[in-house]
Amino acid sequence: MLTGSKTTFKVRQMVPDMKERMMSHSSLHARGRDVLGLCCLPGECVLQRAVLVRKKLSAKEGGGWLSGTLFCTHFRVAFVPQDSQKPDDNADPVLLGDHDVALASIDKVVAVGPSRTKLVTPTCSLKFTPEELVLYCRDLRVLCFLFDRLTPDTQAVEITYTIGKTYQPLKPGTILSFQNAALGSIEMKQFLSNRQRDPNMNWFECSLGWEQELERTGTSGWRVSSVNDRFEMSTSLPRFSVVPQRVLDTELKKTFAHFNEGRIPRWCWRHPHGSDLLRMASFQNNIYHEKDDIRNLELVLFGGQQLCVIVDLGEEMPSPADIQLAHTRLRTLCLGDISSSVSVPDDKWLSTLESTRWLDYTRCCLRKAAEVACLLRGGHMTVVLQEPEDRDMNCVVCSLVQVMCDPHCRTVAGFQGLIQKEWLTAGHKFLSRINSHRESDKEEAPVFLLFLDCVWQLWAQYPARFQLTEDYLLALHDSVHLPLFSSFLANSQRERCRRSQHLPQSYTPVNGLRELPLGTPEESVDPPFPPVWDWALQYSSLRRARFTQPVSQPACPPPVLNGNLNTNLDRSWHNDGLPGSVFLLSRSTFSHPSNLLPWRSGNSGSYWKSHRRAPSSESLSGLERLIRACLLSEPSENPSTPHDPYEPLLPLLLGPCVRVWRGCYLRGALHAQAFSHPMSSCSQHPLDQLAWEVQQLREKVAHASHRRPENQTKRQEPRRLESNLNQNANNGTFLFSSSSRTSQQQPSSRGAAHSSVIPRAQRTASDPPRPVQRNNGKHTFLFGHQEPPQSGQCYIPSPSAKLPKRPGNSH
């Protein structure tokens, strides 16, 4: 390859050629047609390709490089390995292969040359032939492609420019063109129209789905109401709601005006101990309450129970703006600033992570959900989640409570039904802003991504209690950023129904919108948007097989210290309260303010008042905190006693226990840091340098370790509580699991601090081992994949260890 080429190429010189290729290929693609080794979608056009390209594999994929051919179509960037099997023309089309990325998922394109990097834009020009191509994705993936020396320079330049020209930031016009490119062909429309829904999943789009949920949870005294069938009562609520049986629809209509946006108290889930979980908006002010209205409001709020607890989420939960800012900072920390090539040093990484506040918001959601789960376990009460102004946070807490308490929600089918019920039909504000079509929605609000992070935290602490796996959560996280699925392109069931039935915004049929029977596809639209749950359309069978795992029956868990979560809330209010009492739970304290219910503010003589505060676990001694952190009932001493499957999964909330979702946020961090400072093609790759240095240190320490007794190295047990408690919140437990191996502290200045080792990169036979060299830029290698230590090797280098300086180079 000509490493010093000075040829300048411009995008506008290539536009006519791109159009000719699109026209020449547009009429040649049938379903599953093999084009130059790539299995194209119906109507997909190949714009450019480059041969003899190597793709950098992640640590999860085994590391090293994979040789193949790189393609760019008007829908995706595809990579076909050399040893891949020939595509089957009769197989159903799959949107993305294992090595592909959609153009809509690409955030930035960076070309790496011999001595510099270049951010590729549609109007820029290159004055060098790229040796490497780096794609930074919106889902925090980083794809690295290396052009071989035998790759023609014109192919390397043209495919770089083609990707930079076809990918565009998410805008209304570019999203629509991308959707038409992927799903707009006649063959694809016909194929999607014949797709069948998952029969094992509850879609909650008809009354039958809600009735099945009532039957599954064993709920009595509630019914399914269709009073909002035409969305006249509330445009953000679903067509069907579960309300008490004693309330008629004619009486129910009068209650909508007493709540903001008409979001009345509605049933979500029942605990087997008899408690009901409800959601509602805040009360409307300055509304006169008639006697009949008060009766209906009381029936809707209590739902047949004697006690009611209203959980205030407005003061404790972060706002969507805070979540957006935290996610942006987290993304910048994990991937770095590409344009300025600035990365955070290792010794500042954890403090910078803490300053993003992302883990704080995750811990806040888990804490509030655990408190509600403990309340529901008490039985025979209604727990009402009062929605703040941004009701998406109510979706987070309500969904987490059901994941903690209901084993069915920890299966794939149950989890998908939970998202349908609490997110896709209940009405939210910010989910569709991730893939927005409107110019007014200029920023994302990744509230749903925060919910997925919270579910992963539960999965990381209780992996045996989940049927779904981390691969499933990761696939759902990546699908959110792909604007092709109807699940994430609307904020309510009303918007989704109008999209599927070609209705204008101002029209609603007289007989209401049609009801979609379970198991029948939606009416075809242009283009048709499949649901996100059609995993066979997105991933191969091998990857879908990793979405589930067997679930074992756990034993009764012992008492554990649970951080600052007060799981044993003061329950004296439960015994002293009279029937019809209403309490407020805010900031882990109970109270009974006189103005909690507007219609009771003037008549408070017959209701019990109390301002007793639940004791905070922060002020308790260690032993007393350990006792209060037990579950509400003491575990049985008989080991043969079966474990209650509805016992809530209470997460550990101490600083080291809430960790970064490494498989998601840090999967591209190593590539981002390694390629943010280019090196000459004649110099050794940074990964090879680090692997060589680590190998040298391990050999030296292994030689010295033979003189030490073997009992000095102890293996750490999985989820060992004492190890979590003895570590500071600013150490590596944010990043690495407590079940990993611990290394002994060495007297050397290069002490071992963490258990994560970067895997040894593959080196060609022509590259002899040589001393590590370091250029002027700062390299940070904090993340990597842990290798099992070889026999006799117990030293693991610190991730913050500095590479030796290059001879004759000054900083």
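Working out 0.36 nm times the residue gap between Arg246 and Ser115, then minus their Cα-Cα distance, what length gain in nm do you get to one decimal?
39.6 nm
I need the phi-derived Karplus couplings for the stretch 445-460: 6.51 cos²θ - 1.76 cosθ + 1.60, θ = phi - 60°, integer Hz, Gly and Pro marked x.
For the stretch 445-460, the Karplus curve yields 9, x, 5, 5, 5, 5, 4, 4, 5, 5, 5, 5, 4, 5, 5, 5 Hz.
Pop a pseudo-label 7 angstrom from the Cα along the beta-carbon direction at both Ser586 and Glu187 and give the gap in nm to one decimal.
Computed distance between label sites Ser586 and Glu187 equals 6.1 nm.
Do the alpha carbons of any pairs in Lys127/Lys165; Lys253/Lys421; Lys127/Lys348; Lys55/Lys700; Lys60/Lys165; Lys108/Lys421 sit beyond 28 Å of each other, and which pairs?
Lys127/Lys348; Lys55/Lys700; Lys60/Lys165; Lys108/Lys421
Between Leu150 and Asp534, what FRET efficiency follows from the Cβ-Cβ distance if R0 is 41 Å, with the result rounded to 0.05?
0.50
Asp98 to Asn285: extension gain in nm, 0.36 nm per residue of separation minus the Cα-Cα distance?
Extra length from Asp98 to Asn285 when fully extended: 61.9 nm.
Let me check something: with ligands and nucleic acids excluded, how do Lys254, Lys118 order by accessible area (1.4 Å probe), largest to smallest?
Lys254, Lys118
Expected output is a single nm value to one decimal: the length gained when fully extending between Ser67 and Asn200, i.e. 0.36 nm times separation in residues minus the C-alpha distance. What is it?
So the extension gain works out to 43.9 nm.
What order, most packed first, do the peptides 367-377, 301-311 have when packing is the mean number of other Cβ atoms within 10 Å of each residue?
Ranking, from highest mean packing down: 367-377, 301-311.
Could you list which residues have their amide H under 5 Å from that of Arg279, counting only those 5 or more apart in sequence or on another chain, with H placed in the peptide plane?
It is Arg266, Cys268, Leu385, by chain and number.
What residues have an amide H closer than 5 Å to that of Phe583, excluding those fewer than 5 places away on the same chain, when H is modeled at 1.01 Å from N in the peptide plane?
Under 5 Å from the amide H of Phe583: Cys308, Val309, Ile310.
Quick check on packing: order 197-209, 354-366 by the mean number of other C-beta atoms within 10 Å, highest mean leading.
354-366, 197-209
May I ask you to order 263-274, 459-470 by the average number of other C-beta atoms within 10 Å around their residues, highest value first?
For the peptides 263-274, 459-470, the packing ranking is 263-274, 459-470.
Work out the FRET efficiency for Glu354 and Leu542 from their Cβ-Cβ distance, taking R0 = 51 Å, and round it to the nearest 0.05.
The formula returns an efficiency of 0.85 here.
The values are calculated or read from the model by the stated rules, or taken from the named source; none is laboratory data. Bear in mind that the values here come from a model prediction, so they are computed numbers and not experimental data. Methodologically, a virtual Cβ is constructed for each residue, glycine included, from the backbone with ideal geometry; neighbour enumeration extends over all protein chains shown. These area figures cover heavy atoms from the full protein model, side chains too; ligands, DNA and RNA do not enter into them. Shrake-Rupley method; radii C 1.70, N 1.55, O 1.52, S 1.80 Å.
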